[in-house]
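**Q** Encoded as structure tokens, here's the structure I'll be asking about.
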Amino acid sequence: FKIVFLCRETFMFVLGDVDQVRKTIESLLLDEEFQKLKKFSDTLTKELAELVNNFENSMQAKVLMAGGDDILLFINKNNYNKKQHLEIIENFTKKTNCTISFGISDSIQVAYLNLRKAKANNLSIFFS
């Protein structure tokens, strides 16, 4: 499969997960705040789509997965721009009041571990 071969050379995986979504949903459900839950869900869905679109347009990212509060992108290392990435995160946070964490690596396994490290250390992005 070519993605695995190419990623070692020039591509990297960018794995993102919105922070504290389960906590927010559980709180709204248990408090029976269904209108707020609907608004939260609609906003999150809309802004995650916009976030993915921003990566596609600015860094020519390929979307491998986007669903719920998770995204997985495949980006050519030459197209990746940390400053743009941070701007995309800032824009998402302003619109949703949610932070999002990312793990990045040329290995999907390490990208996942980097995501866990980013979340554990309250970081937006963790590279290795």
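**Q** Failed condition for residue 9, given (1) under 21 Å from the mean Cα position of the chain (by Cα); (2) open to solvent by 80 Å² or more (accessible area, probe 1.4 Å), with all others met?
**A** (1)
**Q** Name the pairs: first residue in region 48-60 and in contact (Cβ under 8 Å) with a residue 12 or more places away in the chain, second residue open to solvent by less than 10 Å² (accessible area, probe 1.4 Å) and in a helix (DSSP H, G or I), Cβ to Cβ under 7 Å, at least 6 apart or on different chains?
**A** Every condition considered, the pairs that remain are 51/92.
**Q** In addition: Which of the residues spanning region 41-68 are part of a strand (DSSP E or B) and either in contact with a Ser or Thr (Cβ under 8 Å, 6 or more places away or on another chain) or basic (Lys, Arg) (or both)? If you could, list the steps in order and put the result at the bottom.
**A** At the first step, the residues of region 41-68 found to be part of a strand (DSSP E or B) are 62-67.
The one that is part of a strand (DSSP E or B) and either in contact with a Ser or Thr (Cβ under 8 Å, 6 or more places away or on another chain) or basic (Lys, Arg) (or both): 62.
**Q** May I pose another question? Out of all the residues in region 114-126, which are among the hydrophobic types (A, V, I, L, M, F, W, C) and more than 14 Å from the chain's Cα centre (by Cα)?
**A** Of all residues in region 114-126, those among the hydrophobic types (A, V, I, L, M, F, W, C) come to 115, 118, 120, 123, 125-126.
Across region 114-126, the qualifying residue is only 120.
**Q** Name the residues in region 92-102 that are open to solvent by 50 Å² or more (accessible area, probe 1.4 Å) and in contact (Cβ under 8 Å) with a residue 40 or more places away in the chain, would you? Steps first, please.
**A** Quick first cut of region 92-102, residues open to solvent by 50 Å² or more (accessible area, probe 1.4 Å) only: 94-95, 97, 99.
Selection gives 95, 99.
**Q** Within region 18-40, can you find the residues that are surrounded by 13 or more Cβ atoms within 10 Å (Cβ to Cβ), touching a residue at least 12 places away in the same chain (Cβ under 8 Å) and more than 12 Å from the chain's Cα centre (by Cα)?
**A** Initially, region 18-40 is screened for residues surrounded by 13 or more Cβ atoms within 10 Å (Cβ to Cβ), giving 18-19, 21, 24-25, 27-28, 33, 36-37, 40.
Of the ones still in play, those that are also touching a residue at least 12 places away in the same chain (Cβ under 8 Å) are 18-19, 21, 24-25, 28, 37, 40.
Correct list: 21, 24, 25, 28, 37, 40.
**Q** Can you tell me which residues in region 54-71 are out of contact with any strand residue (DSSP E or B) (no Cβ under 8 Å at 6 or more places or on another chain), open to solvent by less than 60 Å² (accessible area, probe 1.4 Å) and more than 17 Å from residue 115 (Cα to Cα)? Give the steps one after another, and end with the answer.
**A** Narrowing region 54-71 to residues out of contact with any strand residue (DSSP E or B) (no Cβ under 8 Å at 6 or more places or on another chain): 54, 57-58, 67-68.
When the remaining residues are screened for being open to solvent by less than 60 Å² (accessible area, probe 1.4 Å), the result is 54, 58, 67.
If the condition is that a residue be out of contact with any strand residue (DSSP E or B) (no Cβ under 8 Å at 6 or more places or on another chain), open to solvent by less than 60 Å² (accessible area, probe 1.4 Å) and more than 17 Å from residue 115 (Cα to Cα), then 54, 58 are the ones that fit.
**Q** Within region 15-27, can one find any residue that is touching a Ser or Thr at 6+ places or on another chain (Cβ under 9 Å), under 27 Å from residue 110 (Cβ atoms) and small (Gly, Ala, Ser)?
**A** Narrowing region 15-27 to residues touching a Ser or Thr at 6+ places or on another chain (Cβ under 9 Å): 15-20, 25.
If we keep only those that are under 27 Å from residue 110 (Cβ atoms) too, we end up with 15-20.
Of the ones still in play, those that are also small (Gly, Ala, Ser) are 16.
Scanning region 15-27 turns up at least one residue that is touching a Ser or Thr at 6+ places or on another chain (Cβ under 9 Å), under 27 Å from residue 110 (Cβ atoms) and small (Gly, Ala, Ser).
**Q** Okay, next question. Looking for something modelled with pLDDT of 95 or more and of a type in the set (Asp, Glu) - is there at least one such residue anywhere in region 83-102?
**A** yes
**Q** Say whether the condition of being among the charged types (D, E, K, R), open to solvent by less than 90 Å² (accessible area, probe 1.4 Å) and assigned to a loop (DSSP other than H, G, I, E, B) is met by at least one residue in region 77-84.
**A** Within region 77-84, one or more residues are among the charged types (D, E, K, R), open to solvent by less than 90 Å² (accessible area, probe 1.4 Å) and assigned to a loop (DSSP other than H, G, I, E, B).
The values are calculated or read from the model by the stated rules, or taken from the named source; none is laboratory data. Since the model is a prediction, treat every value here as computed from it, not as a measurement. Reconstructed Cβ throughout: ideal geometry from the backbone, glycine too, with neighbour counts over all protein chains shown. When the accessible area is computed, the model is the full protein with side chains, heavy atoms only, and any ligands, DNA or RNA have been set aside. Shrake-Rupley method; radii C 1.70, N 1.55, O 1.52, S 1.80 Å.
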